[in-house]
Amino acid sequence: MISTRWRTAVCVLSKPQLSPTRERPTTLYWVIGAASLPDVDSAYFIHSPATAAQHFREYGPAPIDGEPIAMVFASDGGGHLFAIGASGQVWKSTTASWFDDFEVTASSLQEFLEQLGRRIANQT
């Protein structure tokens, strides 16, 4: 069951006028600290800021060609990772590994959250 709080967070974050720095994970963390969505597709998890920072210290930035730096901020139930790069694009790992290839999954954090919001809406 998807919480009302999470639905509200997705709605707020997907409105550009309410999130002028929407390309930054700090905007995401301003609205929600973390999210566990085990019932959406194979599951989605938005990592807490502490977890994202710990993973960054432990593993470093996601190795994405063309991105000077990219931080993993989420994962799915299959172990795939989601990272946001300096460009603002959201990337998904092609395997359940920190060190494999990543491909663009959304042009922005806003688009990623809109995609996730559609998945949530389709669960009902």
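Key figures
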item	result
Selected residue (criterion: least open to solvent (accessible area, probe 1.4 Å)) from residues of the stretch 100-117 that are of a type outside the set (Gly, Ala, Ser) and without any contact (Cβ under 8 Å) to a residue 40 or more places away in the chain	Phe112
Total residues in the stretch 92-124, condition assigned to a helix (DSSP H, G or I) and more than 15 Å from Tyr44 (Cα to Cα)	2
Residue count, the stretch 73-95 (criterion: in contact with a His (Cβ under 6 Å, 6 or more places away or on another chain) and either open to solvent by 20 Å² or more (accessible area, probe 1.4 Å) or among the β-branched types (Val, Ile, Thr) (or both))	1
Within the stretch 64-81, tally of residues that are more than 15 Å from Ala96 (Cβ to Cβ) and in contact (Cβ under 8 Å) with a residue 12 or more places away in the chain	8
Where a residue in the stretch 24-38 is within 18 Å of Trp91 (Cα to Cα) and of a type in the set (Val, Ile, Thr) and its partner, wherever it lies, is surrounded by fewer than 16 Cβ atoms within 10 Å (Cβ to Cβ) and modelled with pLDDT under 80, with Cβ under 8 Å and at least six apart	Thr27/Thr21
Qualifying residue in the stretch 64-72 (condition: of a type in the set (Val, Ile, Thr), surrounded by 13 or more Cβ atoms within 10 Å (Cβ to Cβ) and under 21 Å from Val31 (Cβ atoms))	yes
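The values are calculated or read from the model by the stated rules, or taken from the named source; none is laboratory data. From a predicted model like this one, the values you see are computed outputs, not experimental measurements. Please note: Cβ atoms are built from the backbone with ideal geometry, for glycine as well, and neighbour counts cover all protein chains shown. When the accessible area is computed, the model is the full protein with side chains, heavy atoms only, and any ligands, DNA or RNA have been set aside. Shrake-Rupley method; radii C 1.70, N 1.55, O 1.52, S 1.80 Å.
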